[in-house]
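The values are calculated or read from the model by the stated rules, or taken from the named source; none is laboratory data. In this text the structure is predicted, and so the values were computed from the model without any measurement. All Cβ positions, glycine included, derive from the backbone under ideal geometry; neighbour counts span all protein chains shown.
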Amino acid sequence: MRNVLSIRTPENVKLDFELASVGSRGVAVLIDMLIQYTLILAAVLALLLIAGKESINLLFAEDNTLYIVICLLIIFIVQFGYFLLFEFFMKGSTLGKKIVGLKVMMANGEPVSFSACLIRNFIRIADMLPGLYLIGIISVLFTKRYMRIGDLAANTVVVKIKKMEEGIESIDGAISLSQKPNLTAKEEALLTEYINRRKNPKNPLSSDILESQLYNYFFRKFGPVPNLPDNFSRRVYLDKLLEFLSINTDKYQAEL
């Protein structure tokens, strides 16, 4: 059943995010675990080759203590750091989530923070107990916003990234919009209000929270836009989106 998380912006406009179910999250985890164990296997094989003729007795010979420590360290980094680093630097996605079409974000609509990534992945150990993510699966099934224990502790949710619809094509491996998407009147007014707020330094309302919410909402809905640089911030994305949509911020005055 489709489960939607509704978030209201400071302008009282509702943004909807479709939450990821246990099925899609499970597929993403399986892909990530396959990648993890492939990396771990490669690291172990490399260490065995380094050990040379003593590799058969790697776990028993005192001379190979350093190799054992290095092997355990690599396993720990890949096992724990994989999710942490990917989710933070890929803006809420791991390789598995990217393939399935999911991303992690804060429950208030903002991009996931490093502290939240750290908390949700540290508590992943509890979600995996007693095996096969049983506690995590039960938690997702019986919480309103499909949150595992790590999500509850970090106040994060996993949402679906909508697949690109008509008007989107693949060029040289990059996805881009080939025609302007349709915006509702409220969506256009909300973008205009955001720009007007940025232009007015005396505006007592901060645009930071709204900026985070708008980025999550529109990137999930439209994906990359033309002329978007490789390393972009939330503000750069919204600027390029407004440029592509040809929204004249002087013409509109938001009435929400």
message = If a residue must be more than 21 Å from GLY92 (Cα to Cα) and either modelled with pLDDT of 90 or more or surrounded by 17 or more Cβ atoms within 10 Å (Cβ to Cβ) (or both), how many such residues does segment 12-36 contain?
response = 1
inquiry  = Kindly evaluate LEU41 against the criterion of being under 14 Å from LYS97 (Cβ atoms) and at pLDDT 80 or above.
reply    = no
query = In segment 82-120, how many residues are farther than 16 Å from ARG148 by Cα and outside any helix (DSSP H, G or I)?
reply = 10
query = Which members of segment 181-210 meet the condition of being modelled with pLDDT under 65 and either of a type in the set (S, T, N, Q) or surrounded by 10 or more Cβ atoms within 10 Å (Cβ to Cβ) (or both)?
reply = ASN203, LEU205, SER206, SER207
remark   = Taking first residues from segment 21-33 that are more than 12 Å from VAL140 (Cα to Cα) and second residues anywhere that are crowded, with 18+ Cβ neighbours inside 10 Å, the pairs with Cβ under 6 Å that are 6 or more apart or on different chains are VAL27/VAL100; ALA28/GLY96; ALA28/LYS97; ALA28/VAL100; ALA28/LEU102; ILE31/GLY96; ASP32/THR94; ASP32/GLY96
